[in-house]
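Chemist: Starting off with a structure, shown below.
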Amino acid sequence: MAAGGGSKSRGWCCWLVVILIAALVVTAIVLTIRKKSHHPKPSPVPGPPGSIEKKYSDALAVAMQFFDIQKSGKLVKNKIPWRGDSALDDGSEKKLDLSRGMYDAGDHMKFGFPMAFTATVLSWAILEYGDQMDAVNQLEPAQDSLKWITDYLINAHPSPNVLYIQVGDPEVDHKCWERPETMSEKRPLIQVNESSPGTDVAAETAAALASASLVFKTIDPTYSATLLKHSRQLFTFADTYRGLYSVSIPEVRTYYNSTGYGDELLWAATWLYHATQDKSFLNYVTAQNGKAYAKWGSPTWFSWDDKLAGTQQVLLSRVSFFGAKGTSNSENLGLQKYRKTAEAVMCGLLPDSPTATSSRTDGGLTWVSEWNSLQQPVASAFLAVIYSDYMLTSQTASLDCSGNSYTPKDLRNFAISQADYVLGKNPMKMSYLVGYGSKYPQFVHHRGASIPADADPGCDDGFKWLVSPQPNPNVATGALVGGPFLNETYIDSRNNSMQGEPSTYNSALVVGLLSSLVATSSVVQSFM
């Protein structure tokens, strides 16, 4: 009996131990699940464009039209009834055809520096969001507008070390208020070359042509190859003969003064790497030139003058997110520094981040400059949504901002907030995109829009239209005006160029932003 009782007791003890162990295992599993539930799970990889967001689709169709308004030269399939052929003789004094390209803003100048930036940003938008543009019938118009610029840029580069960077005399141009179709003033040409270098403008043009070569790679391989050939030559020219174009040509400082050329060199090299997969370009941006110009750890604002946030941070993060074959340790280290800086840029944009920029209006608009105040908010939103989509596609669950976690959706929400502000969700309850919504600026600072299409007032007489109390007779559809003041007011006056003048490069940025929001993201490794 005693022996039998001891065996039964040991049996119960064994079962008790098993139960305790099982309980501990279950508890550990529950705690692990609870612990994991506090961390965001990777969002699904986005697929083909989903349901269309009508608001952004409609706004994109409006924004795209401003490129047609700004076209110079003999217009093909002209979609703007109050526009006609203009500047057909541009470049003729040097036996060049510089009739194409686009007018810069509300004037009739062709400034190569911001025009090339326009082409680069438009190319980037097409490469990332071409499928979404296509879903709402805007891809072909975008490609057409891009080619209108790149045709001009190719012709402006007649030999390896010569680039024409300006058509027209800004002082003469700004003393006239007339339609482009009736211009009669001389339109002189300005170039950079070996003795008068322009690293910044040559490198920006190289970036434009390299990015565009990717856009046309499958639809027109011959044209793509031509773009890439010019891009390589221009990059070599820019890198070999270094100097600021606004030092070589002091008169441009009043209009588009360049504050440095290192960002353009890295921007161009990055696009050439994407276009060619030539590792020498990746080494260029991650090694010595990266150390010299990248400003790792120092976030900047993306604009026509400063490409750091665009390339060294966001565009090179694409390489980091999706990987590059055969990347060396030193290149990976450089890419990590770019991505770390990109994260700092994103953390600065997120309103609730511990490192959020305080440069905002009460209505939530990112605020940097009184002149053309919408450029940086729209540019920042464009970068934010691209970065958000890189995270989604690579299944990167979160972004750390000084200990706080943020998801791709947080970045997208920031981009949406800036886009919605532009489209009318602001204290003025007005759309800053002309032609969108029921209320938008009526006195846009734009010569062609302000003068009736059947008028030919000449250079001086046209100023009566500048001071006219009547709204513009022609709607500058798609124009993104400069934007509100810091106190979120807007003075709708034709003389108010600070707030009311649109620009082609602003249009490229807003087209990129709206394209990204048209539908569910579908970013893929489209040019890697």
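The values are calculated or read from the model by the stated rules, or taken from the named source; none is laboratory data. Just so we're clear, the structure is a prediction, and the values are computed from it rather than from any experiment. Here the Cβ is made from the backbone with ideal geometry for all residues, glycine too, and neighbour counts use every protein chain on show. We work out accessible area using only protein heavy atoms, side chains counted, and drop any ligands, DNA or RNA first. Shrake-Rupley method; radii C 1.70, N 1.55, O 1.52, S 1.80 Å.
Chemist: Just to be sure I understand the filter: pairs with C-beta atoms under 7 Å, separated by 6 or more residues or on different chains, first member in the stretch 451-469 and of a type in the set (G, A, S), second member at pLDDT below 95 and open to solvent by 50 Å² or more (accessible area, probe 1.4 Å). Which pairs pass?
Modeler: Within 7 Å, no pair qualifies.
Chemist: Let me ask you something else. Could you check the stretch 320-335 and list, in sequence order, the residues that are surrounded by 15 or more Cβ atoms within 10 Å (Cβ to Cβ) and under 16 Å from Y387 (Cβ atoms)?
Modeler: S320, F321, L335, listed by residue number.
Chemist: Which of the residues spanning the stretch 252-280 are touching a residue at least 60 places away in the same chain (Cβ under 8 Å) and open to solvent by 40 Å² or more (accessible area, probe 1.4 Å)?
Modeler: T254, Y255, Y261
Chemist: If I ask for residues that are closer than 15 Å to Y406 by Cβ and either touching a residue at least 60 places away in the same chain (Cβ under 8 Å) or in contact with a Phe, Trp or Tyr (Cβ under 6 Å, 6 or more places away or on another chain) (or both), which ones from the stretch 323-378 would you list?
Modeler: Passing the criteria: M346, L349, L350, P351.
Chemist: Let me ask something else about it. Residues being farther than 15 Å from L514 by Cβ, in a helix (DSSP H, G or I) and modelled with pLDDT of 95 or more: count how many of those fall in the stretch 415-462.
Modeler: Residues flagged as farther than 15 Å from L514 by Cβ, in a helix (DSSP H, G or I) and modelled with pLDDT of 95 or more within the stretch 415-462 amount to 4.
Chemist: Can you give me the number of residues within the stretch 430-485 that are over 26 Å from the mean Cα position of the chain (by Cα), surrounded by fewer than 18 Cβ atoms within 10 Å (Cβ to Cβ) and of a type in the set (A, V, I, L, M, F, W, C)?
Modeler: 6
Chemist: Return the total of residues in the stretch 120-161 being touching a strand residue (DSSP E or B) at 6+ places or on another chain (Cβ under 7 Å) and open to solvent by 30 Å² or more (accessible area, probe 1.4 Å).
Modeler: Going through the stretch 120-161, the residues touching a strand residue (DSSP E or B) at 6+ places or on another chain (Cβ under 7 Å) turn out to be 148-149, 156-157.
Checking which are open to solvent by 30 Å² or more (accessible area, probe 1.4 Å) leaves us with none.
Here the count works out to 0.
Chemist: Residues in the stretch 225-244 that are open to solvent by 10 Å² or more (accessible area, probe 1.4 Å) and outside any loop (DSSP other than H, G, I, E, B): how many? Walk me through it before giving the result.
Modeler: First, pick out the residues of the stretch 225-244 that are open to solvent by 10 Å² or more (accessible area, probe 1.4 Å): 225-226, 228-230, 232-233, 235-236, 239-244.
Applying the additional criterion that residues be outside any loop (DSSP other than H, G, I, E, B) yields 225-226, 228-230, 232-233, 235-236, 239-240.
Total satisfying the criteria: 11.
Chemist: Provide a single number: the residues in the stretch 400-414 that are farther than 22 Å from V511 by Cβ, outside any loop (DSSP other than H, G, I, E, B) and open to solvent by 10 Å² or more (accessible area, probe 1.4 Å).
Modeler: 6
Chemist: Counting only residues that are of a type in the set (A, V, I, L, M, F, W, C) and assigned to a helix (DSSP H, G or I), which one in the stretch 57-71 is surrounded by the fewest Cβ atoms within 10 Å (Cβ to Cβ)? Write out each step before concluding.
Modeler: As a first pass, look at the stretch 57-71 and keep what is of a type in the set (A, V, I, L, M, F, W, C): 59-64, 66-67, 69.
Applying the additional criterion that residues be assigned to a helix (DSSP H, G or I) yields 59-63, 66-67, 69.
Values: A59: 27, L60: 30, A61: 18, V62: 23, A63: 30, F66: 28, F67: 24, I69: 25.
Step by step, filter the stretch 57-71, then rank; the result is A61.
Chemist: Okay, next question. For R179, are the conditions met, namely being among the charged types (D, E, K, R), within 30 Å of S450 (Cβ to Cβ) and either surrounded by 22 or more Cβ atoms within 10 Å (Cβ to Cβ) or within 26 Å of the chain's Cα centre (by Cα) (or both)?
Modeler: Numbers: among the charged types (D, E, K, R): yes; within 30 Å of S450 (Cβ to Cβ): yes; either surrounded by 22 or more Cβ atoms within 10 Å (Cβ to Cβ) or within 26 Å of the chain's Cα centre (by Cα) (or both): yes.
Yes; evaluated as a whole, the condition is true for this residue.
Chemist: Sticking with this one: Going by the structure shown, is V385 among the hydrophobic types (A, V, I, L, M, F, W, C) and either closer than 20 Å to Y256 by Cα or surrounded by fewer than 17 Cβ atoms within 10 Å (Cβ to Cβ) (or both)? Can you show your working first?
Modeler: Values: among the hydrophobic types (A, V, I, L, M, F, W, C): yes; either closer than 20 Å to Y256 by Cα or surrounded by fewer than 17 Cβ atoms within 10 Å (Cβ to Cβ) (or both): no.
Judged against the criteria, V385 is not a match.
Chemist: Considering only the stretch 240-258, I want to know if a residue exists there that is at pLDDT 95 or above, more than 28 Å from G168 (Cβ to Cβ) and not hydrophobic (A, V, I, L, M, F, W, C).
Modeler: yes
Chemist: Going through the stretch 72-119 one residue at a time, which ones are closer than 15 Å to A142 by Cα, open to solvent by 10 Å² or more (accessible area, probe 1.4 Å) and touching a Lys or Arg at 6+ places or on another chain (Cβ under 9 Å)?
Modeler: N78
Chemist: If S353 meets every condition in (1) more than 21 Å from S123 (Cα to Cα); (2) out of contact with any Gly (no Cβ under 6 Å at 6 or more places or on another chain); (3) part of a loop (DSSP other than H, G, I, E, B); (4) open to solvent by 30 Å² or more (accessible area, probe 1.4 Å) apart from one, which number is that one?
Modeler: Unmet condition: (4).
Chemist: Read through the list (1) modelled with pLDDT of 95 or more; (2) open to solvent by less than 10 Å² (accessible area, probe 1.4 Å); (3) not hydrophobic (A, V, I, L, M, F, W, C), then give the number of the only condition that S196 fails.
Modeler: All conditions pass for S196, except number (2).
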